[in-house]
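Step one of this worksheet: look at the structure below.
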Amino acid sequence: MLRTITEKLKKFPVDHYQPSPQDHGSTAAVMLLLHGAPDNPQVLLTQRAQHLNNHAGEVAFPGGMWDVADSNLLQTALRETHEEIGLSAGSIEPIAMLPSTFPRLRSIKVTPYVGLVKDSFVLRPEPSEIAAIFDVPLSIFTDINQYKYFETKNQLGTLSFPFLEYQGYKIWGLTLNVVVGMLNSTLNSAIVLNYPSDELIEKLTTRGQQ
């Protein structure tokens, strides 16, 4: 599986893109890290600390906001990965840069990089940012029977989102979308998940601002 993914990811070459200064505060980069046995690769994920202002307690890739001191977005992803989970840049082989995406309900442009983690790595979570680090077999994501939906309700209305639960962790949002997109692009997984339309989200957001 890992060999096929690596080969197919060549159509997404690593680009050392440098954002403009005006992109500061609205541009981020994350690392989709793969490791383990070639026939049963794992993706490394984190659970964000509960006290954070944004996405507290949610499952996420290591990564974060671009800083003007970063020479490019790949450096952002590698720097943030080291800061959050203690994995050095030398332990990661970047192999792809996936299409940028936007988290729903937030106007931040996120660029995901795919990296292979070299053997004998050591992880050290930063407690001010990370509550846990865990692995999920990619085979879990390819099983369509694993997916469920949950609803979020507030004064704006109701939205339904797909999610996958693994060992007590709820994987959804941008994290789930990026992993599924990679699998569809490399393994022809044909995973189809239903998300709220941009029109519905915009309608509810506009209603809340009135």
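The values are calculated or read from the model by the stated rules, or taken from the named source; none is laboratory data. As the structure is a computational prediction, the values presented were derived from the model and not from experiment. Ideal geometry is used to build each Cβ from the backbone, glycine not excepted, and the neighbour counts take in all protein chains shown. The protein model used for the area step is the full one, side chains on, heavy atoms only, and it has no ligands, DNA or RNA in it. Shrake-Rupley method; radii C 1.70, N 1.55, O 1.52, S 1.80 Å.
Counting just the residues of the range 146-167 that are modelled with pLDDT of 95 or more and farther than 14 Å from Pro196 by Cα, which one comes out most open to solvent (accessible area, probe 1.4 Å)?
Here the answer is Gln167.
Check off (1) closer than 18 Å to Thr175 by Cα; (2) in contact with a Lys or Arg (Cβ under 8 Å, 6 or more places away or on another chain) for Val114 and give me the number that stays unchecked.
(2)
Looking at the range 69-121 only, could you name the residues that are out of contact with any strand residue (DSSP E or B) (no Cβ under 7 Å at 6 or more places or on another chain) and polar (S, T, N, Q)?
Ser71, Asn72, Gln75, Ser88, Ser107, Ser120
Taking Asn177 as the residue in question, decide whether it is outside any strand (DSSP E or B), touching a residue at least 12 places away in the same chain (Cβ under 8 Å) and open to solvent by 40 Å² or more (accessible area, probe 1.4 Å). Full working, then the answer.
Values: outside any strand (DSSP E or B): yes; touching a residue at least 12 places away in the same chain (Cβ under 8 Å): yes; open to solvent by 40 Å² or more (accessible area, probe 1.4 Å): yes.
It is true that Asn177 is outside any strand (DSSP E or B), touching a residue at least 12 places away in the same chain (Cβ under 8 Å) and open to solvent by 40 Å² or more (accessible area, probe 1.4 Å).
For the range 73-103, which residues satisfy the criterion of being open to solvent by 30 Å² or more (accessible area, probe 1.4 Å), over 14 Å from Thr27 (Cβ atoms) and under 13 Å from the mean Cα position of the chain (by Cα)?
Correct list: Pro99 only.
Would you mind finding the one in Thr186, Thr175 that is out of contact with any strand residue (DSSP E or B) (no Cβ under 8 Å at 6 or more places or on another chain), at pLDDT 95 or above and of a type in the set (Ser, Thr, Tyr)?
Numbers: Thr175 fails: out of contact with any strand residue (DSSP E or B) (no Cβ under 8 Å at 6 or more places or on another chain).
Answer to the check: Thr186.
Of all residues in the range 142-174, count the ones that are under 16 Å from Gly57 (Cβ atoms) and in a helix (DSSP H, G or I).
2
Criterion first (of a type in the set (Val, Ile, Thr), without any contact (Cβ under 8 Å) to a residue 60 or more places away in the chain and open to solvent by 20 Å² or more (accessible area, probe 1.4 Å)) does Val68 satisfy it?
Working: of a type in the set (Val, Ile, Thr): yes; without any contact (Cβ under 8 Å) to a residue 60 or more places away in the chain: yes; open to solvent by 20 Å² or more (accessible area, probe 1.4 Å): yes.
Answer is yes for this residue.
For the range 106-134, give me the residue count where each residue is more than 12 Å from Ile85 (Cβ to Cβ) and either open to solvent by 60 Å² or more (accessible area, probe 1.4 Å) or over 19 Å from the mean Cα position of the chain (by Cα) (or both).
7
Cβ-Cβ under 6 Å, sequence separation 6+ or interchain: first residue in the range 190-210 and farther than 15 Å from Lys153 by Cβ and modelled with pLDDT under 70, partner acidic (Asp, Glu) and open to solvent by 60 Å² or more (accessible area, probe 1.4 Å). Which pairs?
That search, which allows pairs on different chains as well, returns nothing.
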